[in-house]
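What follows draws every value from the coordinates through simple rules; no lab data is involved. Keep in mind it's a predicted model, so treat the numbers as computed, not measured. Glycine also receives a Cβ, built like all others from the backbone with ideal geometry; neighbour counts cover every protein chain displayed.
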Amino acid sequence: MHICRLTYSIDRGITMKNKKMIALGTALVTLSGLAAATRAKGAAGTGTMSAVILQAIAITNLTNLNFGEFTYTAAGTLTISTAGARGSTGGVNPRAGSAVSQGVLDITAGAAGASTRIRIDPTAGPSFTVKETVGGVATMNVKSFTFAWNGAGPAATVTANMDVAQNINVGAALQVAGTEIAGKYVGTYVVEASYQ
């Protein structure tokens, strides 16, 4: 008899505990569902967006980069500074009195006071060729370009504040192999101007 009572008491206790656990579990599920419903009623609002398209930068060639006339007895270089001064190395001999000039580019930025970087276009440079105009076969390389603007430079890259159109001076070095035929050589170089 004692054993039966003991067994009954244990079974009953377990049953009551289960009922309490079930009741507690139901309460938790209900509260959790209420919290989710509250979150689903969050406020909606709007944000502001904007964009500005800057006017494209314009580059105009004002003065050709002109190395002038020369002769050679061996390989060397012929240089023009951003100030228009000519120099030479090796067996290159400039002819005195021949016309020379630094390149001059007019650069106009559409955004007043915009900081603009000027350099040789890295996808096209760093060197360019001039080609003999009659036969169209002989070439020479031009490299080591430098730029100067309003006291900045000469350097491979200069940064200018473009309130209005600005003139950028260009210098470079002509590479003479010492085997080129006589004649006039012409070519182009590519400059990149980009907002910073």
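I'd like the trypsin sites (Lys or Arg not before Pro) in the range 89-169 restricted to DSSP loop residues with at most 16 other Cβ atoms within 10 Å, sorted by number.
Working: sites: Arg95, Arg117, Arg119, Lys131, Lys143; in loops: Arg95.
The qualifying sites are Arg95.
For the range 90-196, state which GluC sites (Glu not before Pro) are in a DSSP loop and have at most 16 other beta carbons lying within 10 Å of their beta carbon.
Glu180
What does the charge count near Asn66 come to, summing +1 for each Lys or Arg and -1 for each Asp or Glu among other residues with Cβ under 15 Å from its Cβ? Provide the component values of the computation, followed by the final result.
Numbers: positive: Arg86, Arg95, Lys184; negative: Glu69.
Result for the local shell: +2.
Hey, can you grab everything whose amide H is under 5 Å from the amide H of Tyr72? Only 5+ residues off in sequence or another chain; H modelled, so Pro and N-termini drop out.
Asn93
Under the Karplus relation 6.51 cos²θ - 1.76 cosθ + 1.60, θ = phi - 60°, what is the ordered set of whole-Hz ³J(HN,Hα) values for the range 82-96, x standing for Gly and Pro?
Along the range 82-96, the couplings run 5, 9, x, 7, 9, x, 8, 9, x, x, 8, 10, x, 7, 4 Hz.
From the square roots a ≥ b ≥ c of the eigenvalues of the alpha-carbon gyration tensor of the range 102-182, which class results: rounded (a/c under 1.5), prolate (a/b over b/c), or oblate?
Details: a/c = 2.93, a/b = 2.55, b/c = 1.15.
Because a/c hits 1.5 or more and a/b exceeds b/c, the range 102-182 counts as prolate.
Given 25 °C and 0.890 mPa s, compute D for the range 39-196 with the Stokes-Einstein relation, Rh being the Kirkwood radius over Cα pairs; round to the nearest whole µm²/s.
Details: Rh = 17.7 Å.
It diffuses with D of about 138 µm²/s by this estimate.
What is the Cα centroid distance between the range 141-191 and the range 48-82, reported in whole angstrom?
4 Å
What's log10 of I(q)/I(0) for the range 39-81 at q = 0.14, 0.25, 0.29, 0.31 Å⁻¹, Debye sum over Cα points only, no solvent?
Calculated log10 I(q)/I(0) at the listed q: -0.72, -1.04, -1.14, -1.19.
Quick one: 3J(HN,Hα) in Hz for the range 44-58, Karplus 6.51/-1.76/1.60 with θ = phi - 60°, rounded, Gly and Pro as x.
10, x, 10, x, 9, 10, 7, 7, 10, 9, 7, 5, 4, 6, 10
Would you compute the Debye intensity of the range 142-196 from its alpha-carbon atoms alone, equal scatterers and no solvent, and pass along log10 I(q)/I(0) at q = 0.16, 0.18, 0.25 Å⁻¹ to two decimals?
Here the Debye-derived log intensity ratios amount to -0.61, -0.72, -1.09.
Each residue of the range 69-78 in order: what ³J(HN,Hα) in whole Hz does its phi give by Karplus 6.51 cos²θ - 1.76 cosθ + 1.60, θ = phi - 60°, with x for Gly and Pro?
Ordered by residue, 3J(HN,Hα) equals 9, 7, 10, 9, 10, 6, 5, x, 10, 10 Hz.
Once you put a point 7 Å from the Cα of Thr48 and another 7 Å from the Cα of Asn161, both along the Cβ direction, what distance in nm separates them?
About 2.7 nm, to one decimal.
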